[in-house]
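Asker: The structure is given below, and queries will be raised subsequently.
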Amino acid sequence: MRIVVIGGGVGCARFVLGLREHVRRAGAGDRIDVVVNTGDDWWLSGLRIAPDHDSLLYALAGVNDAERGWGRAGESERVSAELAAWGTAPEWFTLGDLDLGTHIARTAWLRGGASVSEVYARLGSRWPLGVRLHPATDAEIDTIVETDQGDMHFQEWWVRHRAARPARGFRQSAIAHARPSGGAAAAIREADVVLLAPSNPVVSIGPVLAVPGMRELIRGSAAPVVGVSGIIGGSVVRGMADACLAAVGVETSARAVAQHYGARAAGGLLDGWLVDDVDADAVPALAEAGIAARAVPLWLTDNDTRAQVARDALDLARTIAG
Ligand code: GDP
Ligand code: CA
């Protein structure tokens, strides 16, 4: 079976770790492809940074800092201190030394003419990930946040201002010319099931869906499309996704996010949606809206709970496929 996941950074990584674990335990040799958000990417100190990709890479390789929740384990910041002394990197964005190695390699390959997809393949070949990562698009589509003080790059809004400047909206630069990467498009076309990770719906999943042609690819797939809620009991679990949802007029609830994606039968994307047990009361309303919802525990805390969430998502997909 071919399983495609669409998602962003750390929330996506937790889910994909569970999916990989479940697939290993089941032993059926299922293939996992992840279509990764590139809207978080940006240029800093002459380097191309790709936070969502790197969160996935490090987590799947087992070299991530699980305690801090992002970046590499055993990280140091000697280069960063030098950059600060030169006044060439903002003090609000951490660049670890090991992490900088990734950014330098990526930038060198890009400068040498490699596509973003080729860079993903090279970075992913260092460790046995058990999962293939594809950029949603090879084009640069950095997310821009529109605020009353003007437009700023997503990273400035998110990291520097901690999402505290009210956002009026989000857009992706040069999105009109982007198209799905070859790897992403092939994976979706050949998928037996498409899963939307419990990633930030606005700034992690949103930019993927904004790539012209992406929605059509997903909607045109014969595979069931099942999403997993990143909202549990009206709160975002981790991060500041509520600030993003508020900006696009979506309530922070598992039900509202499902309706934001929409039922495939009504022009949206979803056939199925997993909510946490505490959100079970959303199930009948979603069924009425054409989304087969199911309530299960959605805390991605350890190997077993994560594998169970993946299994529940695949079970729901199987039921939908009949
Ligand atoms: P980021 O780009 O690194 O912020 O990561 P993502 O966009 O992939 O995921 C962030 C989202 O993951 C958050 O908004 C949370 O809603 C969700 N998330 C994190 N931990 C959990 C968890 O244990 N369970 C569920 N259901 N969602 C989670
Ligand atoms: Ca992200």
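The values are calculated or read from the model by the stated rules, or taken from the named source; none is laboratory data. These numbers come from a predicted model, not from an experiment. Reconstructed Cβ throughout: ideal geometry from the backbone, glycine too, with neighbour counts over all protein chains shown. Accessible surface is based on the protein model in full, side chains and every heavy atom, while ligands, DNA and RNA are left aside. Shrake-Rupley method; radii C 1.70, N 1.55, O 1.52, S 1.80 Å.
Asker: Residues being of a type in the set (A, V, I, L, M) and not in a helix (DSSP H, G or I): count how many of those fall in the stretch 217-262.
Answerer: Within the stretch 217-262, the subset of a type in the set (A, V, I, L, M) is 217-218, 222-223, 225-226, 228, 231-232, 236-237, 240-241, 243, 245-248, 250, 254, 256-258.
Imposing the further condition that a residue be not in a helix (DSSP H, G or I) reduces the set to 222-223, 225-226, 228, 231-232, 236-237, 240, 248, 250.
Here the count works out to 12.
Asker: Now, a different point. For the stretch 268-294, name all the residues that are within 22 Å of the chain's Cα centre (by Cα) and among the small types (Gly, Ala, Ser).
Answerer: Selection gives GLY268, GLY272, ALA293.
Asker: So which residues in the stretch 237-252 are under 16 Å from LEU196 (Cβ atoms) and modelled with pLDDT of 95 or more, if there are any at all?
Answerer: CYS244, LEU245, VAL250
Asker: Scan (1) assigned to a loop (DSSP other than H, G, I, E, B); (2) under 23 Å from LEU270 (Cα atoms) for the single condition ALA184 breaks and write down its number.
Answerer: (1) is the only condition that ALA184 fails.
Asker: If ARG165 satisfies all but one of (1) away from ligand 2 (no atom under 16 Å from the Cβ); (2) surrounded by 24 or more Cβ atoms within 10 Å (Cβ to Cβ), what's the number of the condition it fails?
Answerer: (2)
Asker: Take the conditions at positive phi, open to solvent by 20 Å² or more (accessible area, probe 1.4 Å), out of contact with any strand residue (DSSP E or B) (no Cβ under 6 Å at 6 or more places or on another chain) and touching a residue at least 60 places away in the same chain (Cβ under 8 Å) and apply them to GLY249. Does it pass? Don't jump to the end; show me each part of the working.
Answerer: Details: at positive phi: yes; open to solvent by 20 Å² or more (accessible area, probe 1.4 Å): yes; out of contact with any strand residue (DSSP E or B) (no Cβ under 6 Å at 6 or more places or on another chain): yes; touching a residue at least 60 places away in the same chain (Cβ under 8 Å): no.
Answer is no for this residue.
Asker: Continuing with the same structure: Can you name the residue in the stretch 264-277 that is under 20 Å from ASP315 (Cβ atoms) and surrounded by fewer than 20 Cβ atoms within 10 Å (Cβ to Cβ) and, of all such residues, is nearest to ligand 2 (Cβ to nearest atom)? Outline the logic, then answer.
Answerer: First, pick out the residues of the stretch 264-277 that are under 20 Å from ASP315 (Cβ atoms): 264, 269-277.
So of that shortlist, the ones also surrounded by fewer than 20 Cβ atoms within 10 Å (Cβ to Cβ) come out as 264, 277.
Values: ARG264: 24, ASP277: 26 Å.
Step by step, filter the stretch 264-277, then rank; the result is ARG264.
Asker: State all residues of the stretch 235-262 that are touching a helix residue (DSSP H, G or I) at 6+ places or on another chain (Cβ under 8 Å) and more than 16 Å from ligand 2 (Cβ to nearest atom); if no residue qualifies, say none.
Answerer: SER235, VAL250, GLU251, THR252, SER253, ALA254, ARG255, ALA256, ALA258, GLN259, HIS260, TYR261
Asker: Still on this structure, I have one more. Could you tell me which of the residues ASP151, ASP192, ASP142 is open to solvent by 10 Å² or more (accessible area, probe 1.4 Å), at pLDDT 95 or above, within 16 Å of ligand 1 (Cβ to nearest atom) and among the acidic types (Asp, Glu)? Before you say what the answer is, go through the steps one by one.
Answerer: Values: ASP151 fails: within 16 Å of ligand 1 (Cβ to nearest atom); ASP192 fails: within 16 Å of ligand 1 (Cβ to nearest atom).
So the residue among ASP151, ASP192, ASP142 that is open to solvent by 10 Å² or more (accessible area, probe 1.4 Å), at pLDDT 95 or above, within 16 Å of ligand 1 (Cβ to nearest atom) and among the acidic types (Asp, Glu) is ASP142.
Asker: Identify all residues within the stretch 290-309 that are closer than 10 Å to LEU274 by Cβ, crowded, with 22+ Cβ neighbours inside 10 Å and away from ligand 1 (no atom under 12 Å from the Cβ); write none if there are none.
Answerer: Selection gives ALA293 alone.
Asker: When the residues of the stretch 124-142 are filtered to those that are not in a strand (DSSP E or B) and not hydrophobic (A, V, I, L, M, F, W, C), which remaining residue is nearest to ALA28 (Cα to Cα)?
Answerer: GLY130
Asker: Here are the criteria: (1) within 16 Å of ligand 2 (Cβ to nearest atom); (2) in contact with a strand residue (DSSP E or B) (Cβ under 7 Å, 6 or more places away or on another chain); (3) not small (Gly, Ala, Ser). Tell me which single one MET214 does not satisfy.
Answerer: MET214 satisfies every listed condition except (1).
Asker: Another one. Please go through the stretch 216-246 and pick out each residue that is open to solvent by 60 Å² or more (accessible area, probe 1.4 Å) and either of a type in the set (A, V, I, L, M) or closer than 17 Å to TRP158 by Cβ (or both).
Answerer: Of everything in the stretch 216-246, those that are open to solvent by 60 Å² or more (accessible area, probe 1.4 Å) and either of a type in the set (A, V, I, L, M) or closer than 17 Å to TRP158 by Cβ (or both) turn out to be ALA222, VAL237, ARG238, ASP242, ALA246.
Asker: Quick one: would you say THR94 is surrounded by fewer than 17 Cβ atoms within 10 Å (Cβ to Cβ), over 26 Å from ALA210 (Cβ atoms) and within 16 Å of ligand 1 (Cβ to nearest atom)? Give the derivation first.
Answerer: Details: surrounded by fewer than 17 Cβ atoms within 10 Å (Cβ to Cβ): yes; over 26 Å from ALA210 (Cβ atoms): yes; within 16 Å of ligand 1 (Cβ to nearest atom): yes.
Yes; evaluated as a whole, the condition is true for this residue.
Asker: In the stretch 1-89, which helices (runs of 4 or more DSSP H) lie fully inside it and hold 2 or more residues that are within 16 Å of ligand 1 (Cβ to nearest atom) and closer than 28 Å to VAL193 by Cα? Give the steps one after another, and end with the answer.
Answerer: Working: elements: 10-26, 51-61, 78-86.
In the stretch 1-89, the matching helices (runs of 4 or more DSSP H) lie at 10-26, 51-61.
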